[in-house]
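**Q** The structure is given below, and queries will be raised subsequently.
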Amino acid sequence: YVGANDGMMHAFDASSGQELFAYVPNIINFGHLATLSRGDYTHKFFVDGPIAVTSRALTPGRNLLVGTLGRGGKGVYSLDVTAPGSASATSVAKWERAETPGNNMGLVLGRPVLANMTGGTSVAVIGNGINSTRERAVLVVMNAETGAVIREIDTGVGSTALPNGLSAPAAAYDVDGKTLKYVFAGDMQGNVWKFDLTDSLPASWTVTRLFSAVDSGGKAQPITARVTIATHPLTRKRWIFFGTGRYMTVDDASSAT
């Protein structure tokens, strides 16, 4: 499964390369899509974000796909890809979400985390990304079956004057390998966050700032890439590794910071 800047998410048979179906999310910019056939067309992003698919262990008997538009626009979509070879419009399309109740949906550039919560609910977890209405760094936890937002965990950092957004999330699981316990992510203001999702009640989930990356002048160093989680082989303590940097704006191309 791969998104493309022709406005579609394509499904290919891995053994033959044959395309099985293509899906155009209803949340893309259809005004831009109409320009693809123009002779003077200039590049635009469409279905540019990463894709994640559940295993049968996570969603018994089925495979659910969750993808993002990335730089193509604000939003997340979901498909049922249990039987891609016999896909139809009614059997595949599940849900799309262009905004959250708290107006925190941005350009989601990080791969969604698909997991079970304590209690068994299947969820899709995203960092809200850049350019949201509120410009805050927020972790969004959605019901993987319906797209309903279970909780928006706001770090409280970011504003129109100081734009922010949460980057790709990394997950730490329980011993079963599928029940989500913690999520770690960086943001555009150089912060590394730990989200504690161990409680069975979403209202009790918490967020803690672990670190703030700044340069010698005190200026925040953006964290745009997904953090990496590792376990020390002797102490069994969990370590978080990350790097700083950004290549998203015009100024970034000439920046040496």
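**Q** Output the residues belonging to segment 124-138 that are part of a strand (DSSP E or B) and open to solvent by less than 10 Å² (accessible area, probe 1.4 Å).
**A** Answer for segment 124-138, where residues must be part of a strand (DSSP E or B) and open to solvent by less than 10 Å² (accessible area, probe 1.4 Å): ALA124, VAL125, ILE126, GLY127, VAL138.
**Q** Tell me which residues, restricted to segment 218-257, are part of a strand (DSSP E or B) and either farther than 18 Å from LEU166 by Cβ or open to solvent by 100 Å² or more (accessible area, probe 1.4 Å) (or both).
**A** Here is the first cut: in segment 218-257, the residues part of a strand (DSSP E or B) are 220, 223, 228-231, 238-241, 245.
ALA230, THR231, ARG238, TRP239, PHE241, listed by residue number.
**Q** May I pose another question? From the set of residues in segment 1-24 that are among the polar types (S, T, N, Q) and open to solvent by 80 Å² or more (accessible area, probe 1.4 Å), which is farthest from GLY85 (Cα to Cα)?
**A** The first filter runs over segment 1-24 and keeps only residues among the polar types (S, T, N, Q), leaving 5, 15-16, 18.
Imposing the further condition that a residue be open to solvent by 80 Å² or more (accessible area, probe 1.4 Å) reduces the set to 15, 18.
Numbers: SER15: 13, GLN18: 10 Å.
Selected residue: SER15.
To keep it simple, each residue is scored yes or no on (1) closer than 20 Å to GLY49 by Cβ; (2) polar (S, T, N, Q); (3) in a strand (DSSP E or B).
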{"site": "GLY147", "(1), (2), (3)": "yes, no, no"}
{"site": "ILE153", "(1), (2), (3)": "no, no, yes"}
{"site": "ALA161", "(1), (2), (3)": "no, no, no"}
{"site": "ALA171", "(1), (2), (3)": "yes, no, yes"}
{"site": "LEU180", "(1), (2), (3)": "no, no, yes"}
{"site": "VAL183", "(1), (2), (3)": "yes, no, yes"}
{"site": "VAL192", "(1), (2), (3)": "no, no, yes"}
{"site": "SER200", "(1), (2), (3)": "no, yes, no"}
{"site": "SER216", "(1), (2), (3)": "no, yes, no"}
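**Q** If you don't mind, there's one more thing I want to ask. With respect to LYS194, determine if the residue is under 18 Å from THR231 (Cα atoms), at pLDDT 95 or above, of a type outside the set (A, V, I, L, M, F, W, C) and open to solvent by 20 Å² or more (accessible area, probe 1.4 Å).
**A** yes
**Q** Moving on to the next point. Can you work out which of the residues in segment 25-41 that are farther than 19 Å from GLU99 by Cβ and part of a loop (DSSP other than H, G, I, E, B) is most open to solvent (accessible area, probe 1.4 Å)?
**A** Out of the qualifying residues, it is ARG38.
The values are calculated or read from the model by the stated rules, or taken from the named source; none is laboratory data. Just so it is clear, the structure is predicted and the values come from calculations on it, not from any experiment. Note: ideal-geometry Cβ built from the backbone for every residue, glycine included; neighbour counts use all protein chains shown. When the accessible area is computed, the model is the full protein with side chains, heavy atoms only, and any ligands, DNA or RNA have been set aside. Shrake-Rupley method; radii C 1.70, N 1.55, O 1.52, S 1.80 Å.
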